[in-house]
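Report on the structure given below.
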């Protein structure tokens with residue numbers, strides 16, 4: 001059961017600039033609270049539209065105890081529904097993805113049209129009102145080919161996010177891609193630790209040799225490496241300005257971050273030699289040296305948009321100490337495997353990095369369980385964690401004190 005007094009006590013213990021009190025990470029009851037306060041209340045990244053390209057294509061996911069199906073209807077619209085039959089509640093679509101002409105409950109064969117209408121309920125009396133038993137809808141927004149869903153009755157406004165990130169993402173045309181590879185990794189850590197690990201590169205030098213072939217880790221502006229990076233940044237952004245590609249940080253506050261940054265000099269993509277991962281560039285690009293647009297949005301998604309491919313990362317909590325990370329690698333819809341790209345080359349860097357991060361998050365979670373744990377201070381380079389936890393604390397404050405005046409956390 002959710003103990004609001006316990007959450008309020010933990011919030012009172014929280015210190016800005018420090019990791020969270022232990023209970024937020026390891027208390028099993030916090031999982032239910034996080035699902036209610038965060039994952040059932042906010043917009044969640046679900047998939048790319050290319051994964052449901054044709055009418056009848058569907059994809060399923062679970063938000064806590066809530067199964068959801070996302071599909072393309074007969075008119076080509078993207079829709080989402082609670083994947084729960086209106087008869088006696090059975091799950092309807094049992095596969096992760098597939099194609100269906102209609103949605104048929106496997107239990108008693110109630111049949112739903114792709115727009116959610118109940119069209120057949122066998123053995124029900126003649127006066128049964130099918131119109132009152134359609135599938136319950138879930139809010140959907142498609143932003144540059146990225147499908148977001150929200151389970152809340154009244155979803156929060158997502159228009160600021162849409163307006164801010166569209167100029168960065170649209171040139172990469174995510175809606176004109178296909179999935180070259182996907183994988184789901186179960187991490188033995190609380191979802192917040194998975195996010196925290198992603199929000200800093202303080203750990204990169206000691207743990208990510210594959211990633212640092214191309215990625216520039218955090219540098220101090222006044223040291224030699226920092227000065228070299230500033231020179232590199234100035235040269236690259238000058239070229240991006242000529243191409244009309246935005247690169248300065250978007251104004252996302254604590255909700256999201258979007259920025260274009262260069263790779264190391266001479267590096268073009270996330271590969272072990274820095275060369276292209278796909279020879280067919282995305283959209284209408286002719287310039288391969290575009291760095292990467294790095295976009296993160298609370299609570300469950302980060303991405304890299306490159307000249308030659310896109311990587312989506314989606315997390316969903318399974319319990320207080322298990323998190324599912326789904327990663328999809330996307331290339332141009334006309335790219336040919338074995339000709340334009342090799343799957344192993346395309347995925348090698350981030351398969352290794354994901355595995356390394358999973359181990360780091362698991363070790364972090366196990367350490368936090370110790371009676372010796374107490375919140376520790378974040379380094380200056382971990383400012384994005386501070387933003388994330390500021391957002392999370394505001395969410396939990398609003399959940400634990402629903403009648404208190406709403407406060408907007410500053411970045």
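Here are some notes:
- Residue in the range 28-51 that is in contact with a strand residue (DSSP E or B) (Cβ under 8 Å, 6 or more places away or on another chain) and surrounded by fewer than 16 Cβ atoms within 10 Å (Cβ to Cβ) present: yes
- For the range 163-198, filtering for residues that are surrounded by fewer than 18 Cβ atoms within 10 Å (Cβ to Cβ) and part of a loop (DSSP other than H, G, I, E, B) leaves 1.
Let's see how each residue does on (1) closer than 24 Å to residue 97 by Cβ; (2) touching a helix residue (DSSP H, G or I) at 6+ places or on another chain (Cβ under 9 Å); (3) touching a residue at least 60 places away in the same chain (Cβ under 8 Å):
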| position | (1), (2), (3) |
| --- | --- |
| 311 | yes, yes, no |
| 320 | no, yes, yes |
| 336 | yes, no, no |
| 358 | yes, yes, yes |
| 369 | no, yes, yes |
| 372 | no, no, no |
| 379 | no, no, yes |
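- Residue in the range 294-308 that is outside any strand (DSSP E or B), touching a helix residue (DSSP H, G or I) at 6+ places or on another chain (Cβ under 6 Å) and within 16 Å of residue 197 (Cα to Cα) present: yes
- Being surrounded by 19 or more Cβ atoms within 10 Å (Cβ to Cβ), more than 22 Å from residue 168 (Cβ to Cβ), modelled with pLDDT of 95 or more and not assigned by TED's automatic domain parsing to the domain that holds residue 273 is a condition met by at least one residue of the range 373-380.
- When 249, 299, 209 are checked against the criterion of being within 19 Å of the chain's Cα centre (by Cα) and surrounded by fewer than 15 Cβ atoms within 10 Å (Cβ to Cβ), 249 stands alone in meeting it.
- Qualifying positions in the range 321-353 - exposed (fewer than 15 other Cβ atoms within 10 Å of the Cβ) and closer than 24 Å to residue 46 by Cα: 333, 334, 343
- Out of 394, 409, one residue alone is surrounded by fewer than 20 Cβ atoms within 10 Å (Cβ to Cβ), modelled with pLDDT under 95 and not assigned by TED's automatic domain parsing to the domain that holds residue 197. It is 409.
- Qualifying residue in the range 53-66 (condition: under 24 Å from residue 296 (Cβ atoms), outside the structural domain of residue 255 (by TED's automatic domain parsing) and free of Cβ contacts under 8 Å to residues at least 40 places away in the same chain): yes
The values are calculated or read from the model by the stated rules, or taken from the named source; none is laboratory data. As the structure is a computational prediction, the values presented were derived from the model and not from experiment. With ideal geometry, Cβ positions are generated from the backbone for all residues, glycine too; neighbour counts draw on all protein chains shown.
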